[in-house]
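The values are calculated or read from the model by the stated rules, or taken from the named source; none is laboratory data. Note that the structure is predicted; figures quoted are calculated from it, not measured. With ideal geometry, Cβ positions are generated from the backbone for all residues, glycine too; neighbour counts draw on all protein chains shown. Accessible surface is based on the protein model in full, side chains and every heavy atom, while ligands, DNA and RNA are left aside. Shrake-Rupley method; radii C 1.70, N 1.55, O 1.52, S 1.80 Å.
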Amino acid sequence: MAKLKNINGRYFESDYENAFLSFLEEAGWNYLSGGSIPRVSKRDVIYTDDLEQFLSKTNGDLTNEEITRIIDSVRLVGAESEFATLHRVYEWMVNGIRFIPKSGLAQMVPLIDFENPNKNIFRAVNQLTVEYTNNGQTEARRPDILLYVNGMPLCIIELKNPTDANAKIYDAWEQINVRY
């Protein structure tokens, strides 16, 4: 477990972040710094290496090209309304993604293996900068911790320093719901 550093009677939020990451590692999550994820742009949030590894490991009958097509479907899902996109992604997480391989027979390809959790790739990523467009302006956000399953970010964790008398749980909630 990470040791918290007391400097002039104060602890820093980064200390709590490191302690929380250590807790996650002890629970079986693999740690990766946000700056270590290879991406074409800061708008990319899927960790395609993990998703490709999971799909290859659990679907040995798919070709590399077919796996790339599935990854592209997941990566490019956001063309609809936010509600429709969330609904579609939720369906994919629960039931798998419908895919037609070269054989021509449609099949459901799971994105998460609920029956065998040890086949999934669990990753805790901190300080991943993500860019987006807001009213024509490019903005960036950097959540404290993102939890990934098979290369897909499924949870945002925003930490606040519990020794800071001005830090409130509401501040973290507002940061996630308004800024992210």
Check your understanding: Accessible area of Trp92, 1.4 Å probe, to the nearest 10 Å²?
Key -> 40
Review point. So what does Thr163 come to for accessible area, using a 1.4 Å probe and Å² rounded to 10?
Key: 80
**Study point:** Structure-based [θ]222 nm, the chain - -39500 (n - 2.57) summed over DSSP H runs of at least 4, per residue, nearest 500
**Key:** -9500 deg cm²/dmol
Practice item. Using only the alpha carbon atoms of the chain, find the Kirkwood hydrodynamic radius as the inverse mean reciprocal pair distance, in angstroms to one decimal. Key: 18.2
Point to revise | Choice from Ala19, Ala106, Ala165 showing the highest fluctuation, given a GNM over the chain with Cα pairs closer than 10 Å | key: Ala165
Check your understanding: Within the accessible area of the chain, what % is carbon and sulfur when the probe is 1.4 Å and the other protein chains stay in place?
Key -> 52
Exercise for review: Would you tell me the accessible area of Asp44, worked out with a 1.4 angstrom probe on the heavy atoms of the protein chains, in Å² to the nearest 10?
Suggested key: 40
Check your understanding: Among Tyr148, Leu86, Ala167, whose Cα sits farthest toward the positive end of the charge dipole of the chain (+1 at Cβ of Lys/Arg, -1 at Cβ of Asp/Glu, about the Cα centre)?
Key -> Ala167
Study note, to complete from the structure: Answer in debye to the nearest 20: the dipole magnitude of the range 119-180 about its Cα centre, from +1 Lys/Arg and -1 Asp/Glu charges placed on Cβ, is 260
Review point. In Å², what does the accessible area per residue of the chain work out to with a 1.4 Å probe?
Key: 62
